[in-house]
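Report on the structure given below.
The values are calculated or read from the model by the stated rules, or taken from the named source; none is laboratory data. Model, not experiment: these values are computed from the prediction. Note that we place each Cβ from the backbone using ideal geometry, even for glycine, and neighbour counts take in every protein chain shown.
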């Protein structure tokens, strides 16, 4: 089979007999079968019957039959309006061999598009073994566009004309492979049986655009792939792998993608709390080489969305990040603050949040706007309160439970990567001893040649944690959650909440 470039034509409606890649969406008569398409179909009808009109559809032609690549709704509406023809960009596909009754149009079109793509790019010769198979027609033109854009920016960056072959090879090595490697590392392929890695590469590219609209941030395709199928908690084996990698100074890709922080979300505002959150987030992003994304929820500000003040806030944030050498983005959100943050949480590795605010009587309280984030976040939260710190000495609350094991891992990572010194504390409220629990933490850290001070205390947990943090001059408290029932947490306010309210500095909740 072979194909040619698309040509603008007036195509008879009756000659359009199907669509490619959408057999489950439309009948042969192009009436929408899926309820979710009804509103869009009505909107297209209004546009086509009005003065504005709609752009040409995109069709393939095999013999005398036409198949829709893009514009199913427009074809459907044109048929219902009684139109005899429709304007379309037509790509002819010619078969060199006879086609059987079992041959699907998709297969013919795909073969033609793939042959043309390989002929134009020679990617299979430049990178032997390259697998760029697709399962839906129309994707190879998008791949060619990706290469063309990549070639353009290569030329700008290097100040010279970049050849086609050089651009193809560089795109494959630096763009395509990095995304595909992230797809495989995250196990995303298991969620899409029957699709290829190139299908997923294109899907992520398109999904990235939709996410940018929804979230207000431009997310890298690699980051999207990592979070699509990433479990919210790391397994003990993977935690060990990460610490071994850091301890030996290796930057293994699997370790980096699994735990090292690539994207940080910080919630900011006009007040001191918002500025403090940004200051602390910059410390983390700079140390981790992470991208920092600031979200300004208008609903959480008494001033709302005053444009001039938001512009000043954004400029201040971007200037601070530029001075620190941190890649940054800024977005504003108009919905309920907690809901806006929770919508974005799964796409980030860490959330920096001003969780504590002053109540009516001046006493600290958990923010009404962000309290739901504390309860429902699937990512670690760095709650900022009082002051921003360099995170040079961390107090780790450890009770032997699974959540505190995650806290111990996070602290071990800080010690290995940042050089943070550690104080491990076990607080008991009854007669049981803290020594056996501390021994467990000691053995864990010894496996990675890490040292720490170990403290066993008896008394109210939250108050004791804060007192010891101040005594030992710790500038960060790291904790999971203690083994209380959900009911008891509700009744007594929760160890985490009480620690947040009493701590003079940041608290990392994992």
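Among the numbered conditions (1) in a helix (DSSP H, G or I); (2) surrounded by 14 or more Cβ atoms within 10 Å (Cβ to Cβ); (3) modelled with pLDDT of 85 or more, the only one that residue 111 does not meet is (3). Can you tell me which residue in the stretch 312-324 is farthest from residue 289 (Cα to Cα), limited to those that are touching a residue at least 24 places away in the same chain (Cβ under 8 Å) and within 22 Å of the chain's Cα centre (by Cα)? Only one residue tops the list, namely 317.
Of the candidates 127, 79, 40, the single residue that is modelled with pLDDT of 85 or more, more than 19 Å from residue 10 (Cβ to Cβ) and touching a helix residue (DSSP H, G or I) at 6+ places or on another chain (Cβ under 8 Å) is 127.
The single residue among 469, 462, 434, 411 that is at pLDDT below 95 and crowded, with 21+ Cβ neighbours inside 10 Å turns out to be 462. Against the condition modelled with pLDDT of 95 or more, surrounded by 14 or more Cβ atoms within 10 Å (Cβ to Cβ) and not in a loop (DSSP other than H, G, I, E, B), how does residue 152 come out, does it pass? No; evaluated as a whole, the condition is false for this residue.
Exactly one condition in (1) at positive phi; (2) at pLDDT 95 or above; (3) touching a strand residue (DSSP E or B) at 6+ places or on another chain (Cβ under 9 Å) is not met by residue 325; state its number. Against the list (1) at positive phi; (2) at pLDDT 95 or above; (3) touching a strand residue (DSSP E or B) at 6+ places or on another chain (Cβ under 9 Å), residue 325 comes up short only on (3). Among the residues of the stretch 182-199, are any more than 28 Å from residue 227 (Cβ to Cβ) and free of Cβ contacts under 8 Å to residues at least 12 places away in the same chain? No: the stretch 182-199 contains no residue that is more than 28 Å from residue 227 (Cβ to Cβ) and free of Cβ contacts under 8 Å to residues at least 12 places away in the same chain. Within the stretch 194-215, work out how many residues are modelled with pLDDT of 80 or more and out of contact with any helix residue (DSSP H, G or I) (no Cβ under 8 Å at 6 or more places or on another chain). Total meeting the criteria: 5. Assessment of the stretch 332-341 against the conditions (within 20 Å of residue 391 (Cα to Cα), in contact with a helix residue (DSSP H, G or I) (Cβ under 9 Å, 6 or more places away or on another chain) and without any contact (Cβ under 8 Å) to a residue 40 or more places away in the chain) yields no matching residue.
Every residue, every condition in (1) in a helix (DSSP H, G or I); (2) within 22 Å of residue 219 (Cα to Cα), yes or no:
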residue: 286; (1), (2): yes, yes
residue: 308; (1), (2): yes, no
residue: 314; (1), (2): yes, yes
residue: 331; (1), (2): no, yes
residue: 335; (1), (2): no, yes
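Checked against (1) modelled with pLDDT of 95 or more; (2) surrounded by 14 or more Cβ atoms within 10 Å (Cβ to Cβ); (3) farther than 20 Å from residue 383 by Cα, residue 267 meets all criteria but (3). Is at least one residue of the stretch 404-419 in contact with a strand residue (DSSP E or B) (Cβ under 8 Å, 6 or more places away or on another chain) and either in a strand (DSSP E or B) or assigned by TED's automatic domain parsing to the domain that holds residue 282 (or both)? So far as the stretch 404-419 goes, no, none of its residues is in contact with a strand residue (DSSP E or B) (Cβ under 8 Å, 6 or more places away or on another chain) and either in a strand (DSSP E or B) or assigned by TED's automatic domain parsing to the domain that holds residue 282 (or both).
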